[in-house]
Amino acid sequence: MGLSDILAVDLLSLSITRLFIHTYLSNKHLAPLATVSLLILSLLFAFPAQAEQSNRNKTTQTQNRAKLSDVQQAIAKQESNIFDTNKQRSNLEQQLKTDDLAIAKVAKAINKIEVELSNTQVKITTLAKEKKQLTLAKQQQERLLAQQLRAAYTTGQHDYLKLLLNQDQSEKIQRTISYYQYLNQARTKEIDQFQATITQLLQISTEHQEQVEYLQQLKVEQLQQDTQLRSSKTQRSKTLSKLSRKLLSSQQQLNKLKGEEDNLNQALNKLAAIIQAEIDLTGLSKLKRKLSWPVKGRMLHRFGTRKQGYLKWKGVLITAPISRQVQTIHNGTVLFSDWLKGYGLLTVIDHGNGYMSLYAHNQTLLKSVGDRVETGEPIALVGQSGGQEQSGLYFEIRHRGKALNPKLWCK
């Protein structure tokens, strides 16, 4: 029975009731009977209506319970999906770290090979010059010896014993003997120099050949490392592609960045606690506008600008090509040299008096913890580690944990 039917029954009950009241109350003898009849009629019509209302309430309650159950199942499913997504992101971020470290290892090997290639090429050039000079010296010594031999031959073949026994022209004989002695001494000296030149030329030639062969070996090794590097980068691209498909909401992205920033602050606080003051590290307080930027490039994000939500950039992000050298802004000691979530391959340098500089998203790190570095010394190579889509360097300057505007120090 629908709502319209129930309303019809109620109206009918009301009409009959009114009829009974009018009929029976007009007759005084029938008044008691009217009262009883009215009560019976009310009960007759009230019971079906109450039953229908009760059934209707039960149906509504059952439907609400079903809806609640559906909502609870949907919530449980969503929580499960979120848990699975977070777990997958965590695994992918760990895989990203593995990919970044693999690229760093190969890139460091390639950088070492390139340095050796450069040094070897310089050695080969130097040896080639020495070889040319020794060859010219050898030719000159050969000509001098030939002249001496011709001079000795043109003076005649004298028997020294005859000259000594001949008593005539003793002064002339003495001069001739002295001439021969000088000539022999000069000849012997030139022969010794010639032999030394030949020996040195042989050594230089051998070393030159060895360096040429080593250069070829380095080129083969470099080609192999390049192949490995491309493979590692391909793997990293796949990982980043999977991560990008795990989209985050604005709030989730904000929480992620806040967590990464907190991790960095915790790491820097731990480093600050273990710093040992060095006499020759005087800090950066007197070097405003005097330091060089760690890498040449375009400023993509500036200090203090909005990053996400209420978060702001505490350093600068400088775009630069992969493998460009990153140089320390001032002398100091390496405090941290490792991979950190959100920042990739990171180097932190202590400059003394509470001053630190931070270099992140590198392709590889060239220095280890405890290494002493001088101003302008290469400490890393530009990269895009930590999940960056574009290569560049994230750079900070801090004093006692507080981030400072690098533009106030670097010119």
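The values are calculated or read from the model by the stated rules, or taken from the named source; none is laboratory data. A quick note: this is a predicted structure, and the numbers were derived from the prediction, not measured. Note: ideal-geometry Cβ built from the backbone for every residue, glycine included; neighbour counts use all protein chains shown.
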* To do: Only residues that are touching a residue at least 40 places away in the same chain (Cβ under 8 Å) and either of a type in the set (Val, Ile, Thr) or outside the structural domain of Gln195 (by TED's automatic domain parsing) (or both): list them for the stretch 116-149, please.
  => Thr120, Ile124, Thr135
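What are the residues in the stretch 90-104 that are touching a residue at least 40 places away in the same chain (Cβ under 8 Å) and under 17 Å from His361 (Cβ atoms), if any?
Glu93, Leu96, Lys97, Asp99, Asp100, Leu101, Ala102, Ile103, Ala104
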* Any idea which residue in the stretch 380-411 is nearest to the chain's Cα centre (by Cα), counting only those that are of a type in the set (S, T, N, Q) and under 27 Å from Lys238 (Cα atoms)? -> Ser385
* Structure fact -> Pro321 fails exactly one of (1) buried (at least 17 other Cβ atoms within 10 Å of the Cβ); (2) more than 23 Å from Gln94 (Cα to Cα); (3) not small (Gly, Ala, Ser), namely (1)
* Asked: Do the conditions hold for Ile397, that is, is it assigned to a strand (DSSP E or B), in contact (Cβ under 8 Å) with a residue 24 or more places away in the chain and under 20 Å from Asp100 (Cα atoms)?
  -> no
* Neighbours by Cβ (under 9 Å, 6+ apart or cross-chain): first from the stretch 280-306, assigned by TED's automatic domain parsing to the domain that holds Ile329; second small (Gly, Ala, Ser) and surrounded by fewer than 16 Cβ atoms within 10 Å (Cβ to Cβ) -> Ser292/Gly376
* Name the residues in the stretch 329-348 that are among the aromatic types (Phe, Trp, Tyr) and assigned to a strand (DSSP E or B), would you? -> Phe336, Trp339
* Structure fact -> The residue that is surrounded by the fewest Cβ atoms within 10 Å (Cβ to Cβ), considering only those in the stretch 349-379 that are under 17 Å from the mean Cα position of the chain (by Cα) and not in a strand (DSSP E or B), is Ser368
